[in-house]
Amino acid sequence: RGLGDVYKRQACRGAETPVYTVQFVAFDTAVDLSIVGKLKEDAQAAASEVERDFLFLDYAAHAWEPGPMIRVNELLPSGEPFAAPPSLLPLLRQSQVLALESDGLFNPAIGHLFRLWGFHTKEPECRPPPPDAAISRLVAARPSMGDLYLDGIMLQSDNPAVRLDFDDIIVGYAMDLAMDNLRARGIRHALINRGGDVRTIGDRVGRPWRVPVRRGTGTGVLGILDVVGDTAVFTSSQHARNFIYDGKTYHDVIDPRTGYPATGFQAVTVMHEGSAAVADAGATALMVAGPDGWHETAARLGLRYVLLIDEAGTVHMTPEMAARMELI
């Protein structure tokens, strides 16, 4: 199943606790799921449901491959109301709230800018940056989540420059949905890891989950976070998806205010007690906010545990994060 699964028992205070681990591919990356304290058959059934949900959301929310989001983006420029896919309505609503709370720094409505830069493909091409005039036209149109209007399941927009791309929240959203479903099955201890972004509930056989945080370059580990309970850890960085042209790196964290890749930070890691969608969108918003604006943005989003690596490689942390981070 998927890329295979592992079931083992670990000793804990004289008892044996089963740990079930499985890996599958979704959102173009391997996803690891660990479930603690359930019989193998129950854990397998729960893991299969998580995999189905991840694959469905990967399909339903994909902005650039055939599926519901393509239809949504084709209909939005008309300005007329249409029935939105019901499965995407909670994602739309949560994204609108987070866009408002981040003052538009998290902005899934700038899909046209992502396409202009070539970040709608799995492997961005090494090509010249887009013309300044083309970027300026899209920025001047000011596409935002506030341009979307939901009435029941009916959706419309009054800004033809809006194109939705939920890449900066969909993984966190999928993790939250998965954990809700696991808890409904009576599972109290689990971890989901997708490319270093993590969502947990409970613990690993009486011990914290150990979550590594990478260096700003994307290679090597900067430190370890001990995580227990309902917690998410997400990183936004320059190295996750980028291309190099004429010796300069262009990454896919686009500043909606300028239309260009955000500057000031190599990477931002957010630990948030609760929603992974908030941590996912929040990490992006802080990258965009930059050195001068991240603190205010973090306060608006209620983010207390933040680690930032500036372009010189210097590490900055909130006091709360510094107290939790074990630097290597």
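For VAL221 and LEU100, what is the calculated FRET efficiency with R₀ set at 45 Å and r taken between the beta-carbons, to the nearest 0.05? FRET efficiency, VAL221 to LEU100: 0.80. With a 1.4 Å probe rolled over the protein heavy atoms of all chains, the accessible area of SER275, SER136, SER102 falls in the order SER136, SER275, SER102, largest first.
The Rg/Rh ratio for the range 194-328 is 0.97, where Rg is the radius of gyration of the alpha carbons and Rh is the Kirkwood radius. Taken along the Cα-to-beta-carbon direction at a fixed 7 Å, the label points for ASN181 and LEU55 span 1.1 nm.
When each full DSSP H helix of the chain is screened for a Cα extent of at least 24 Å along its own axis and an average Kyte-Doolittle hydropathy of at least -0.5, the helices passing are 40-60, 276-301. Each residue, ASP310 and ILE70, gets one label point 7 Å from its Cα in the Cβ direction; the gap between the two is 4.5 nm. A viscosity of 0.692 mPa s and a temperature of 37 °C, combined with the Kirkwood radius over Cα pairs in Stokes-Einstein, give a translational diffusion coefficient for the chain of 160 µm²/s. Per residue, the accessible area of the chain comes to 44 Å² when a 1.4 Å probe rolls over the protein heavy atoms.
For the pair the range 68-136 and the range 165-186, the centres of their Cα atoms are 20 angstrom apart.
If a spin label sat at a point 7 angstrom from the Cα of GLU326 along the line to its beta carbon, no backbone N atom of the range 32-53 would be nearer than 17 Å. Annotation: extensible slack from ARG210 through TYR260 equals 14.5 nm (criterion: 0.36 nm per residue apart, minus Cα-Cα distance). Here the gap between ASP151 and THR29, fully extended at 0.36 nm per residue and compared with their Cα-Cα distance, gives a gain of 40.4 nm.
If R0 is 41 Å, the Cβ-Cβ spacing of ASP42 and ARG93 corresponds to a FRET efficiency of close to 0.80. Using a probe of 1.4 Å on the protein chains alone, the accessible area found for ARG194 is around 50 Å².
Among the protein heavy atoms, those of PHE119 account for about 10 Å² of accessible surface (1.4 Å probe, every chain in place).
The values are calculated or read from the model by the stated rules, or taken from the named source; none is laboratory data. A quick note: this is a predicted structure, and the numbers were derived from the prediction, not measured. Note that each Cβ is placed from the backbone with ideal geometry, even for glycine, and that neighbours are counted across all protein chains shown. Heavy atoms of the whole protein, side chains included, go into the accessibility calculation; ligands, DNA and RNA do not. Shrake-Rupley method; radii C 1.70, N 1.55, O 1.52, S 1.80 Å.
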